Amino acid sequence: MKFAPTRAPLTGETLASLSARLREHGEPAYRAKQILDWLYKKRARAWDDMTNLPKRLRTWLAETFDLLPLSLVHGKQSLDVTDKLLLELGDQSLIETVIIRAPQDGVGLEHSRKTICISTQVGCAMGCKFCASGLMGLKRDLNAGEIVAQLLQVCYREDARTPRARAELASFDNIVVMGMGEPLANYPAISTALEIINADWGLGFGARRITLSTSGLVPNILKLADNPIGVRLAVSLHGATDEVRTQIMPVNKAYPLAKLLPAVKTFSEKHGRMVTLEFILIEDVNDSLDQARKLRDIARDLHAHVNLIPYNTVHGLEWKRPSLARQQKFVEVLREGRVSATLRREKGHDIDAACGQLRLQTEKERASF
Ligand code: SAH
Ligand code: SF4
């Protein structure tokens with residue numbers, strides 16, 4: 001389903017598209033750069049902040065564009081330093097953006113590694129059996145402006161934390177496209193958003209520090225491999241054989257491992273970068289040592305890094321995470337096979353950080369009014 005806002009979000013415009021709109025309106029194209037500078041560099045929050053633009057231009061801009069297509073409903077800070085922003089879009093849909101601050105040993109929080117996790121759809125159509133976003137199905141795609149605006153909201157939140165200096169987005173270490181939704185099922189919007197996030201006239205964030213996670217839409221993995229913006233790729237594998245993967249990820253029927261793995265290899269060869277394989281550990285579903293050995297072989301062949309994620313409980317689902325001992329055994333099989341592997345300690349577990357859960361809970365509360 002498409003949402004057609006009455007005014008286009010300014011955060012969805014590229015320098016080229018905004019210049020063209022201005023030219024059509026009889027304005028010099030250089031105004032586009034000035035406007036985007038106000039938005040991304042000087043962080044203007046209102047049209048009238050853009051003081052070097054003539055008043056009549058500001059009036060036209062206000063009629064034509066939405067400065068920010070989403071607003072903050074609330075931010076929820078967890079004990080282990082995950083900061084979760086619940087955002088409302090123009091049609092009252094809810095999405096979430098998460099800031100993860102991982103403290104480094106022995107230094108204060110201000111030196112922590114900071115990651116931003118953004119959403120690309122409202123809900124998700126892929127229907128993975130363990131995922132809160134999959135439970136509700138797809139409501140709609142986000143447009144490019146709504147994807148980019150999540151990062152501006154994060155900047156505003158950081159600005160408020162550091163009142164004297166404007167916080168640079170560059171002070172974040174990574175952006176991960178791993179929130180709600182399947183980014184490669186919304187390719188045109190994510191591709192435009194990546195251009196805006198990466199460009200000097202936009203947010204200026206380095207492509208190598210952006211990771212996009214997909215459940216495995218093969219044709220668009222190949223498209224992404226040819227995209228001039230060279231982001232990193234993470235693949236949600238979650239099963240090392242078709243039998244196990246199909247059980248929990250319906251996408252595996254259309255794109256089984258025999259199609260998925262060669263596409264991942266193509267991506268990794270084009271980019272000369274290690275791809276990450278994500279593997280949620282779910283008790284008695286995919287945590288056998290046989291799965292570990294098969295995963296080890298796949299990772300070796302792809303020269304991929306493996307990120308093991310203990311399953312995060314989703315309200316209403318039966319699955320369980322394996323015991324710590326079981327998790328350890330699994331990771332040892334990989335490491336003994338000289339595969340680089342991390343076992344993630346879940347950040348934000350105490351505030352339902354798994355994908356889509358905060359939104360699910362709020363939607364339920366709204367429905368019960
Ligand atoms: N749709 C994309 C990106 C968003 S999901 C994808 O599937 O890759 C981001 C990550 O969260 C995926 O690796 C997904 O498998 C994981 N995830 C979803 N539900 C989870 C849960 N209950 N516990 C732990 N990780 C989960
Ligand atoms: Fe969608 Fe990713 Fe959740 Fe699967 S894991 S339902 S692809 S958001």
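Just a few scattered comments:
- Residues satisfying the stated conditions in the stretch 97-115, i.e. modelled with pLDDT of 85 or more and either under 10 Å from Thr82 (Cα atoms) or surrounded by fewer than 23 Cβ atoms within 10 Å (Cβ to Cβ) (or both): Val98, Ile99, Ile100, Lys114, Thr115
- One residue from Val148, Val154 being among the aliphatic types (A, V, I, L, M), at pLDDT below 95 and outside any loop (DSSP other than H, G, I, E, B): Val154
- Of the helices (runs of 4 or more DSSP H) lying entirely inside the stretch 1-88, those containing at least 1 residues that are in contact with a Phe, Trp or Tyr (Cβ under 7 Å, 6 or more places away or on another chain) and over 30 Å from Lys114 (Cβ atoms) span 55-64.
- Test: Leu343 is away from ligand 2 (no atom under 15 Å from the Cβ) and at pLDDT below 95: yes
- Restricting attention to the stretch 225-237, the residues being over 14 Å from Ala304 (Cβ atoms) and buried (at least 20 other Cβ atoms within 10 Å of the Cβ) number 1.
Okay, residues lined up against (1) buried (at least 16 other Cβ atoms within 10 Å of the Cβ); (2) of a type in the set (D, E, K, R):
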| residue | (1), (2) |
| --- | --- |
| Ala29 | no, no |
| Lys42 | no, yes |
| Asp48 | no, yes |
| Thr51 | no, no |
| Arg56 | no, yes |
| Leu61 | yes, no |
| Phe65 | yes, no |
| Leu72 | no, no |
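- Residue among Leu203, Leu260, Leu222 that is open to solvent by less than 30 Å² (accessible area, probe 1.4 Å) and part of a helix (DSSP H, G or I): Leu260
- Top-ranked residue in the stretch 243-254 [being farther than 21 Å from His305 by Cβ and either away from ligand 2 (no atom under 16 Å from the Cβ) or assigned to a loop (DSSP other than H, G, I, E, B) (or both); ranked as most open to solvent (accessible area, probe 1.4 Å)]: Glu243
- Scanning the stretch 253-283 for residues that are among the acidic types (Asp, Glu) and touching a residue at least 24 places away in the same chain (Cβ under 8 Å) returns Glu278, Glu283.
- Every pair of residues 6+ apart whose Cβ atoms lie under 6 Å, when the first sits in the stretch 120-133 and is farther than 20 Å from Trp319 by Cα while the second is modelled with pLDDT of 95 or more and near ligand 1 (Cβ under 7 Å from one of its atoms): Thr120/Gly181; Thr120/Pro183; Gln121/Gly181
- Boolean, Ala240 is surrounded by 20 or more Cβ atoms within 10 Å (Cβ to Cβ), farther than 22 Å from Glu195 by Cα and more than 14 Å from ligand 2 (Cβ to nearest atom): yes
- Condition met for Gly239 (in contact (Cβ under 8 Å) with a residue 12 or more places away in the chain, within 16 Å of ligand 1 (Cβ to nearest atom) and either outside any helix (DSSP H, G or I) or more than 30 Å from Lys33 (Cβ to Cβ) (or both)): yes
- On inspection, Leu224 passes the criterion of being outside the structural domain of Leu36 (by TED's automatic domain parsing), under 23 Å from Leu15 (Cβ atoms) and over 13 Å from the mean Cα position of the chain (by Cα).
- Consider the stretch 264-279 and keep the residues that are surrounded by fewer than 20 Cβ atoms within 10 Å (Cβ to Cβ) and either among the hydroxyl-bearing types (Ser, Thr, Tyr) or on the phi > 0 side of the Ramachandran plot (or both). The one that is modelled with the lowest pLDDT is Gly272.
- Scanning the stretch 121-139 for residues that are of a type in the set (A, V, I, L, M) and touching a strand residue (DSSP E or B) at 6+ places or on another chain (Cβ under 9 Å) returns Val122, Ala125, Met126, Leu135, Met136, Leu138.
- The residues of the stretch 298-349 that are without any contact (Cβ under 8 Å) to a residue 40 or more places away in the chain, more than 15 Å from Met274 (Cα to Cα), open to solvent by 50 Å² or more (accessible area, probe 1.4 Å) and in a helix (DSSP H, G or I), listed by number, are Leu324, Ala325, Gln328, Glu332, Arg335, Glu336.
- Per-region count, the stretch 158-186, residues open to solvent by 40 Å² or more (accessible area, probe 1.4 Å) and more than 18 Å from the chain's Cα centre (by Cα): 8
The values are calculated or read from the model by the stated rules, or taken from the named source; none is laboratory data. Keep in mind that what you see is a predicted model, and the values were worked out from it rather than measured. Because the Cβ atoms are built from the backbone with ideal geometry, glycine has one as well, and the counts that use them run over all protein chains shown. Surface accessibility is based on the protein's heavy atoms, side chains included, excluding ligands, DNA and RNA. Shrake-Rupley method; radii C 1.70, N 1.55, O 1.52, S 1.80 Å.
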